[in-house]
Amino acid sequence: AAKNSGRNRYCYFTSSLQHTAVSRMRLSGDLRSALEKKQFVVYYQPIIELATGRMCKAEALIRWQHPVHGQIEPSEFIPMAEQAGLINAIGDWVFLQAAQQVKYWRQKIDPAFQISVNKSPAQFRADNDGGRNYWLGYLEELELPGDCITVEITEGLLLDTTERVKQVLQEFRGAGVQAALDDFGTGHSSLVYLKELEIDYLKIDCSFVNNLASRSSDRLLCEAIILMAHKLGLKVVAEGVETRAQRDILLEAGCDYAQGYYFSHPMPPALMELQPAASTRAQART
Ligand code: C2E
Ligand code: MG
Ligand code: MG
Ligand code: MG
């Protein structure tokens, strides 16, 4: 029945997914073959330098185009991939796409362009990758400098991986790859991560940005996070910026970069090249 379902059935199925273990198992089975069936695509969301309004970076965000259920959110299938032991295969694939893309955009749009790639704590587990840093290998193969890529780390429940994360980040740093602490402020040990890990960017979680213009406590928190980050020598990226008012407050607070629907939704790479920010920049140089 699900096979013949149209758009209307999609919502129904999504809500049942949250409730039945059987549907989850089925989807998790589909996930196993999704890579070879080429059902994943990578979207990119511009990251804007607030002081200049220029798009100087983008974040790679995976999408799963399921033949029956349509587009499935990463928040739904990334945890499944982690549980099924598929996260490294999928994450490595995303990295390879992003690396090829940044190579092309550096030639075509901006010689300093950077792409951020997410790496969940499960992807740092030594037993998952045999202790090898495949990502650095890909960069070498593509003859790309490390500063093309920023690795975004989310704080997970896998606190046992902290030592391993530290070690891998040092390898990355040695090759010029930068690191960002994602969803800052949402976990239980964000400050421990800040203390333990050598990172370059702090990404303020969208939950702090949502009510920036209406709640003075949220505004104060953002300002304090920005001050703290700058004192530690880090640059700040605000996530989930949806309004002009939020952008203005962040700019005034000295936030370095912003990302969100106000500037652009995540989109396929071909559309990124049509972004005004990209074309203005390309024109400005010629
Ligand atoms: P994230 O890394 O924090 O990515 C930002 C999320 O915020 C993205 O959700 C993006 O679409 C969404 N977003 C951007 N601007 C706005 C806005 O203005 N308002 C709101 N409400 N949301 C906005 P998305 O693409 O659904 O990804 C969700 C999460 O899935 C990501 O959160 C990341 O943790 C994970 N993820 C995505 N791609 C990958 C991947 O390739 N590997 C791994 N390990 N995780 C990934
Ligand atoms: Mg991220
Ligand atoms: Mg985030
Ligand atoms: Mg996240």
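The values are calculated or read from the model by the stated rules, or taken from the named source; none is laboratory data. Bear in mind that the values here come from a model prediction, so they are computed numbers and not experimental data. Glycine also receives a Cβ, built like all others from the backbone with ideal geometry; neighbour counts cover every protein chain displayed. Accessible surface is based on the protein model in full, side chains and every heavy atom, while ligands, DNA and RNA are left aside. Shrake-Rupley method; radii C 1.70, N 1.55, O 1.52, S 1.80 Å.
The rows are residues; the columns are (1) over 20 Å from the mean Cα position of the chain (by Cα); (2) of a type in the set (A, V, I, L, M, F, W, C); (3) away from ligand 3 (no atom under 13 Å from the Cβ); (4) not in a loop (DSSP other than H, G, I, E, B).
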{"residue": "GLU163", "(1), (2), (3), (4)": "yes, no, yes, yes"}
{"residue": "PHE172", "(1), (2), (3), (4)": "no, yes, yes, yes"}
{"residue": "LEU194", "(1), (2), (3), (4)": "no, yes, yes, yes"}
{"residue": "GLU198", "(1), (2), (3), (4)": "no, no, yes, no"}
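Would you tally the residues in the range 73-124 being away from ligand 4 (no atom under 16 Å from the Cβ) and not hydroxyl-bearing (Ser, Thr, Tyr)?
Qualifying residue count for the region: 28.
Filter the range 67-83 down to residues that are away from ligand 2 (no atom under 16 Å from the Cβ) and crowded, with 16+ Cβ neighbours inside 10 Å, then give me how many there are.
Residues that pass the stated criteria total 3.
I need every pair where a residue in the range 169-188 that is at positive phi has its Cβ under 6 Å from the Cβ of a residue that is buried (at least 17 other Cβ atoms within 10 Å of the Cβ) and of a type in the set (Ser, Thr, Tyr), sequence separation at least 6 or different chains.
ASP183/THR154
Residues of the range 18-39 being part of a helix (DSSP H, G or I), modelled with pLDDT of 90 or more and open to solvent by 40 Å² or more (accessible area, probe 1.4 Å), which ones?
Selection gives ASP30, ARG32.
State which residue pairs qualify: first residue farther than 23 Å from ILE78 by Cα and inside the range 94-110, second residue open to solvent by 70 Å² or more (accessible area, probe 1.4 Å) and in a helix (DSSP H, G or I) in any location, beta carbons under 9 Å apart, and separation of 6 or more residues or different chains.
ASP110/ARG285
Kindly provide the set of residues from the range 229-272 that are open to solvent by 50 Å² or more (accessible area, probe 1.4 Å) and part of a loop (DSSP other than H, G, I, E, B), ordered by number.
Hits for the range 229-272 are LEU232, GLY233, GLU242, THR243, TYR261, TYR262, PHE263, HIS265.
So which of ILE109, ILE87, ILE153 ends up being open to solvent by 10 Å² or more (accessible area, probe 1.4 Å) and at pLDDT below 95?
ILE109
State all residues of the range 40-54 that are part of a strand (DSSP E or B) and either out of contact with any helix residue (DSSP H, G or I) (no Cβ under 8 Å at 6 or more places or on another chain) or within 14 Å of ligand 1 (Cβ to nearest atom) (or both); if no residue qualifies, say none.
Those that are part of a strand (DSSP E or B) and either out of contact with any helix residue (DSSP H, G or I) (no Cβ under 8 Å at 6 or more places or on another chain) or within 14 Å of ligand 1 (Cβ to nearest atom) (or both): PHE40, VAL41, VAL42, TYR43, TYR44, GLN45, PRO46, ILE47, ILE48, GLU49.
In the range 170-186, how many are open to solvent by 10 Å² or more (accessible area, probe 1.4 Å), away from ligand 4 (no atom under 16 Å from the Cβ) and out of contact with any Gly (no Cβ under 6 Å at 6 or more places or on another chain)?
5
Just to be sure I understand the filter: pairs with C-beta atoms under 7 Å, separated by 6 or more residues or on different chains, first member in the range 217-245 and at positive phi, second member within 16 Å of ligand 4 (Cβ to nearest atom) and assigned to a loop (DSSP other than H, G, I, E, B). Which pairs pass?
So the pair list comes out as GLY240/ASN210; GLY240/GLY260.
Can you find a residue that is touching a strand residue (DSSP E or B) at 6+ places or on another chain (Cβ under 7 Å) and in a strand (DSSP E or B) anywhere in the range 84-92?
Checked the range 84-92: no residue is touching a strand residue (DSSP E or B) at 6+ places or on another chain (Cβ under 7 Å) and in a strand (DSSP E or B).
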